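The structure appears right after this line, and notes come after that.
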Amino acid sequence: MTRPSPAAALNGVQVGNICDKGNHRIRTGDIAVVYATYYDADGWVVRRVMCDCGSRTIGLPTDGADEVIVEAVWWAGRLVGVKTVDRSRP
């Protein structure tokens, strides 16, 4: 089974507007850095949303997990213009 592109799957996803790292408010038009994990039953699931202060690398990946860092524009509660920055599996 082929996994969907994380950028395509996360484009349009509704997320909160408080940075998980710095507790800053993310406003419409701001860049958001998002960490997500792929689950067979649920697809790509957003785990953390950060403002521009967020890390753009995965560091030590979880064993067997497909993890991704994406950048997107936060627009009225949704991620738009999503692009993959780092991924634990190609």
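Quick notes
- One residue from D86, D20 being assigned to a loop (DSSP other than H, G, I, E, B) and at pLDDT 90 or above: D20
- One residue from G64, G12 being of a type outside the set (A, V, I, L, M, F, W, C), exposed (fewer than 12 other Cβ atoms within 10 Å of the Cβ) and at positive phi: G64
- Every residue from region 41-61 that is in a loop (DSSP other than H, G, I, E, B) and in contact (Cβ under 8 Å) with a residue 12 or more places away in the chain: C51, D52, C53, G54, S55, R56, T57, I58, P61
- Flag: V33 matches the condition of being out of contact with any helix residue (DSSP H, G or I) (no Cβ under 7 Å at 6 or more places or on another chain), at negative phi and not in a loop (DSSP other than H, G, I, E, B).
The values are calculated or read from the model by the stated rules, or taken from the named source; none is laboratory data. Since the structure is predicted, the reported quantities are computational estimates derived from the model, not experimental observations. Methodologically, a virtual Cβ is constructed for each residue, glycine included, from the backbone with ideal geometry; neighbour enumeration extends over all protein chains shown.
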